[in-house]
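Visitor: What follows is a single structure, and I will ask about it in a moment.
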Amino acid sequence: MLLLPAIAAAVDYPLTGTISVNGQAGALPSGGTFAGSGYDAASGAIAAGRFTFPQATTSYSSPLGPVVVTYQLSQSGQSSGQVAPDGVAALTPAILRLQVVSASSPLGPIDVGTCVLEPIEVALAGTGSPGGLDLSGAGFTIPPVGAGDCGGFGSQINQAIAGDDNALALQMAGDFTPPAGDDTIFGDGFEAP
C-alpha cells in the first residue's frame, strides 16, 4: 500500500503581495487565498490548492484619458509544492486566467464583451518559514487576445496587458516550518568508509 504524508485538513491560506503587468505594478487583490491546501511539516509537502482572488480594479492611461478596468484573476487546475529542509520552497506551475470583466473611460462604459487572456503559466519559488511562504515568479507571458476580441478592443487590451514584462510576488500566511533534514554527518554512525 502506498503511504502518503499526513496532511492536515484543507486550509485556505491568506495571500498578500504584488503583481506587475506589462511593467505596471500594483497590489494583489485583497482577500485572495490559496484554497483547499494543507502542509505536512514532517515531509515539507504542500498539498494541492488553488489560487483564488476577488474581482479588483486597476487603471491605465489611454488616448481617451484614464481607463478603469475591473478584472478577475483565477487559477485553472491546482498547484502543489514542497518546502525543503533548507527552507527553499516551490510550487508546481500555476496556470492562471485573467478575465477583463468591465472597463470604463471618461466617455462612459466600454463594452469589452467576453475578454479572457489565458493560459498564463507562472512558476513560483522562494522560501518557507514559520511565518509563511514567500514566493515569486517573473518573466511569465500573458498571451494576447485576437484584435477583434474583447468587444473589438483586443488590440488596446493587448497593448495594456499582453506581453512578458510581468512579475508576481506573494506571501502565503501560515506555518511552513521546513522539515527536519537528514543529518549526513551522523548518517553513517561515525563508521569509517
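The values are calculated or read from the model by the stated rules, or taken from the named source; none is laboratory data. For clarity, every value in this text was computed on a predicted model and none was experimentally measured. Ideal geometry is used to build each Cβ from the backbone, glycine not excepted, and the neighbour counts take in all protein chains shown. Side chains included, ligands, DNA and RNA excluded: accessible areas come from the protein's heavy atoms. Shrake-Rupley method; radii C 1.70, N 1.55, O 1.52, S 1.80 Å.
Visitor: Within segment 87-119, how many residues turn out to be in contact with a Ser or Thr (Cβ under 8 Å, 6 or more places away or on another chain) and either touching a residue at least 40 places away in the same chain (Cβ under 8 Å) or within 30 Å of residue 42 (Cβ to Cβ) (or both)?
Guide: Within segment 87-119, residues that are in contact with a Ser or Thr (Cβ under 8 Å, 6 or more places away or on another chain) and either touching a residue at least 40 places away in the same chain (Cβ under 8 Å) or within 30 Å of residue 42 (Cβ to Cβ) (or both) number 17.
Visitor: Still on this structure, please answer the following. Say whether the condition of being over 16 Å from residue 170 (Cβ atoms), without any contact (Cβ under 8 Å) to a residue 40 or more places away in the chain, of a type in the set (A, V, I, L, M, F, W, C) and surrounded by fewer than 19 Cβ atoms within 10 Å (Cβ to Cβ) is met by at least one residue in segment 53-64. Reasoning before the result, please.
Guide: Start the filter on segment 53-64 by keeping residues that are over 16 Å from residue 170 (Cβ atoms), which leaves 55, 57-64.
Add one more test, that the residue is without any contact (Cβ under 8 Å) to a residue 40 or more places away in the chain, and what stays is 57-59, 61, 63.
Narrowing further to those that are of a type in the set (A, V, I, L, M, F, W, C): none.
No: segment 53-64 contains no residue that is over 16 Å from residue 170 (Cβ atoms), without any contact (Cβ under 8 Å) to a residue 40 or more places away in the chain, of a type in the set (A, V, I, L, M, F, W, C) and surrounded by fewer than 19 Cβ atoms within 10 Å (Cβ to Cβ).
Visitor: Is there a residue being at pLDDT 95 or above, assigned to a strand (DSSP E or B) and open to solvent by less than 10 Å² (accessible area, probe 1.4 Å) anywhere in segment 108-116?
Guide: No, every residue in segment 108-116 fails to be at pLDDT 95 or above, assigned to a strand (DSSP E or B) and open to solvent by less than 10 Å² (accessible area, probe 1.4 Å).
Visitor: Considering each of 41, 47 in turn, give the residue that is over 25 Å from residue 23 (Cα atoms), open to solvent by less than 60 Å² (accessible area, probe 1.4 Å) and over 17 Å from the mean Cα position of the chain (by Cα).
Guide: 41
Visitor: A further question on this structure: Output the number of residues of segment 121-137 satisfying the condition of being of a type in the set (A, V, I, L, M) and touching a residue at least 40 places away in the same chain (Cβ under 8 Å).
Guide: Final tally of qualifying residues: 4.
Visitor: Which one of 149, 134, 175 is in a loop (DSSP other than H, G, I, E, B), at pLDDT 95 or above and within 20 Å of the chain's Cα centre (by Cα)?
Guide: 175
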